[in-house]
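**Student:** Okay, handing you the structure first.
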Amino acid sequence: MTIIRSIVLFALAALAEIGGAWLIWQAVREGKAWWWAGLGVIALGLYGFVATLQPDANFGRILAAYGGVFVAGSLFWAMALDGFRPDRWDLLGASVCLIGVAVIMFAPRHG
């Protein structure tokens with residue numbers, strides 16, 4: 001159950017952080033209304049709170065592992081919302097990152 005909880009929290013964190021950054025990008029770079037940026041700031045703040053809900057108490061480990069989720073999630077977001085088509089190297093890199101997440105978060109630890 002802890003692994004499932006962790007994965008769900010990583011997905012929620014990715015949604016909040018990537019979504020928040022995307023909303024700000026839309027306001028600044030794509031000329032959307034200023035309140036898009038405001039919603040982005042709120043989403044980025046929510047990301048910070050979601051990360052604290054992870055079962056592991058080590059900030060560095062959580063943030064390091066989330067980096068891999070962010071890489072893969074960013075590519076997925078770009079595909080879904082911006083029509084981006086990753087090439088095989090993008091997909092390979094994202095896969096390597098997710099393997100890194102699994103090693104960091106779920107490897108057996110003693111002590």
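Every number here is computed from the coordinates shown, using simple stated rules; none is lab data. What you see is a predicted model; the values in this text were computed from it and never measured.
**Student:** Within the chain, which DSSP H helices have Cα atoms that stretch 18 Å or more along the helix axis and a mean Kyte-Doolittle hydropathy of at least 1.6?
**Tutor:** 88-106
**Student:** Right, something else. Quantify how much of the Cα-Cα distance distribution of segment 9-63 extends past 16 Å, in percent.
**Tutor:** 43 percent
**Student:** Now, a different point. Convex hull over the alpha-carbon atoms of segment 42-81: what's its volume per residue in Å³?
**Tutor:** 71 Å³
**Student:** In addition: Helix-only mean residue ellipticity at 222 nm, the chain, DSSP H runs n ≥ 4 weighted -39,500 (n - 2.57), per residue, nearest 500. What is it?
**Tutor:** Only helices count here, giving -28000 deg cm²/dmol.
**Student:** Moving to a separate point now. Take the Cα atoms of the chain, build their convex hull, and give its volume per residue in Å³.
**Tutor:** Convex hull of Cα atoms, per residue: 104 Å³.
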